[in-house]
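For reference, the structure is listed below as structure tokens.
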Amino acid sequence: MKKIRIGLFGLGTVGKGVVSYLSQHQAYIEKTTGFTFEIAGALVLPAEAKQTGFSFPLHTDAQTLLQDSSIDVFMELMGGTTLAKDVIMEALQNKKAVITANKALIAKHAPEIFQTVNANQAAFFYEASVGGAIPIIRAIHTSFNGEPITKLYGILNGTANYILTAMLEEKRDFDTVLQHAQELGFAEADPSFDVDGYDTAHKLAIAIDLLYKGVTSLDDIPIEGIRKVSLCDLEYAQNMGYAIRLLAKARQVGDKVEASVQPTLVPKKSLLYSVQGVQNAALFHGDSIGDILLSGAGAGALPTASAVVADLINYVQNRNYLTPYSLDKINITPLQEREQAAYIRVEAEDNASVFEEIIQLVEKEGIIPKYIRQYSLPDQRMHYVILTPVLTERKLQEVEAILNNSEKITQVCRLALFF
């Protein structure tokens, strides 16, 4: 039985998860692949170098592993975009196989990484970078490689999805639920990467590159997080038959791709409606296949380790992932030209004339609302909820600005509406 030696960069949550996963499933993996796997060593921080209980040596110098010619494949699981980039690039230049879960690195440096992969005919795998245990990358490369995917909608961050779900279930505000999520370990001490949408945007950028055969820049993807979503918005959405989710969206329109990360009202009829808590999901749409939903554990030590080990098995079985077909820049629709429907919540006086003024302001812009409802608040205040038809972002911004400029209106909140 052939032995595959692994160099492990990073021995944190995911790294230890991989060590545990390989140990737990060793007999099964050997039986199904005909290979045995051995970790040759792991790169750790100096403060972690004295850890015990591992069957392999711990190193604090990356070159110790990179210069070991007996290593067949490197796993980069430490995260970040500095040292992680250096070790990945050197390993690829040495024509070594690389497996990573580093979404930020790929999203920011895809052209350089893929150029190096191509130039050295190296094997590069990154399933765990998008959706943890959900085989999103594999589906794009294999199941959908003959089907043009015209739409991708993703719930790709468990922290944000947990917070939105818990706010509604527990009837508590964002800050309270966030604190509880941190206590439970579902949110980081600094949660901004998750709740402000950047983690989701990194994953979306990687998926777009594969779906539309090129590379995109994070700067081209509008990003909005969930901090502006109030409990009342979740309740109003539920009353109308919607759930609010932080949604990654990519939609092909002609020769352009509309892309965004936004809190979005998702209708009950959508397969994404029931994706709750820390679960992740990706909804693919093609003209021939309709809607296909992949859902499951999008993060966590063992789910992510499962994806990493699946990449390892794909490597030894010669099922190498391809880089994007082109490294040309994908034509992303400019923000102002992007089309979408919207949920608009206006807070103002509880007064019939105010309601009429709001309607007049909206209709003056040539917009006939699809839905209007009023909700009474304390202190003679009122929430007016409007659902718009599909409009350009430019028009929606104009409407929002007009409403904000009214002296009788104290607050305007706009969220995206799924279509």
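The values are calculated or read from the model by the stated rules, or taken from the named source; none is laboratory data. Owing to the predicted nature of the structure, the values given are computational and were not obtained by experimental measurement. As a convention, Cβ positions derive from the backbone with ideal geometry for all residues, glycine included, and neighbour counts pool all protein chains shown. We work out accessible area using only protein heavy atoms, side chains counted, and drop any ligands, DNA or RNA first. Shrake-Rupley method; radii C 1.70, N 1.55, O 1.52, S 1.80 Å.
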Requested in this report: Find, among the trypsin sites (Lys or Arg not before Pro) in segment 322-419, those assigned to loop by DSSP (not H, G, I, E, B) with at most 15 other beta-carbon atoms within 10 angstrom.
Outcome: LYS370, LYS408
Query raised in the report: Which angle from 0 to 90°, rounded to the nearest 10, does the C-alpha axis of helix 352-364 make with the longest principal axis of the chain?
Result: 60
Report summary line: By accessible area (1.4 Å), largest first, TYR371, TYR153 order as TYR371, TYR153
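Rolling a 1.4 Å sphere over the protein heavy atoms, what is the accessible area per residue of the chain, to the nearest Å²?
Per residue, the chain has 43 Å² of solvent-accessible surface.
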Query raised in the report: Could you work out Rg/(2.2 N^0.38 Å) for segment 312-390, with Rg from alpha carbons only?
Result: 2.05
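Averaged over all directions, how much area does the convex hull of the C-alpha atoms of segment 60-174 cover when projected, in nm²? It would help to have the intermediate numbers written out before the result.
Values: hull surface 41.5 nm².
Mean projected area of the Cα convex hull: 10.4 nm².
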**Report entry** Value at 222 nm in deg cm²/dmol, rounded to 500, when DSSP H runs of n ≥ 4 in the chain each add -39,500 (n - 2.57)
**Finding:** -10500 deg cm²/dmol
Requested in this report: Leaving ligands, DNA and RNA out of it, work out the accessible area of VAL385 with a 1.4 Å probe and give it in Å² to the nearest 10.
Outcome: 0
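Go through segment 109-172 and name the GluC sites (Glu not before Pro) that are in a DSSP coil and have 13 or fewer other Cβ atoms within 10 Å of their Cβ.
none
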Report task. Would you kindly find the accessible area of SER306, with a 1.4 Å probe and non-protein molecules such as ligands, DNA and RNA excluded, rounding to the nearest 10 Å²? Result -> 40
Report task. Using only Cα atoms, find the angle between the long axis of helix 83-93 and the longest principal axis of the chain, and express it within 0 to 90 degrees, rounded to the nearest 10. Result -> 50
Requested in this report: Report the relative contact order of the chain, percent, no decimals, based on alpha-carbon pairs under 8 angstrom and at least 6 residues apart.
Outcome: 16
**Report entry** DSSP bridge orientation in the chain - percent antiparallel, rounded to nearest 5
**Finding:** 70
Report task. Could you pull out the pairs from LYS268/LYS370; LYS3/LYS103; LYS31/LYS85; LYS16/LYS203; LYS3/LYS203; LYS3/LYS95 whose alpha carbons sit more than 26 Å apart here? Result -> LYS3/LYS103; LYS31/LYS85; LYS3/LYS203
**Report entry** Förster radius 56 Å - calculated FRET efficiency between MET1 and GLU147, Cβ distance, rounded to 0.05
**Finding:** 0.90
Query - P(r) histogram, all alpha-carbon pairs of the chain included - 10 Å bins from 0, percent - result: 4, 21, 28, 23, 13, 7, 3, 0, 0
Query raised in the report: Going by accessible area, probe 1.4 Å, with all protein chains left in place, what is the ranking of HIS202, HIS141, largest first?
Result: HIS141, HIS202
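Which loop GluC sites (Glu not before Pro) in segment 366-419, with loop taken from DSSP, have no more than 14 other Cβ atoms within 10 angstrom of their Cβ?
Qualifying residues, ordered by number: GLU407.
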Query raised in the report: Among the aspartates and glutamates, which fall within straight-line cross-link reach of LYS228, defined as a Cα-Cα distance under 17 Å, with same-chain neighbours fewer than 8 residues apart omitted?
Result: ASP173, ASP175, ASP194, ASP196, GLU347, GLU400
Query - Area accessible to solvent at MET78, 1.4 Å probe radius, in Å² - result: 60
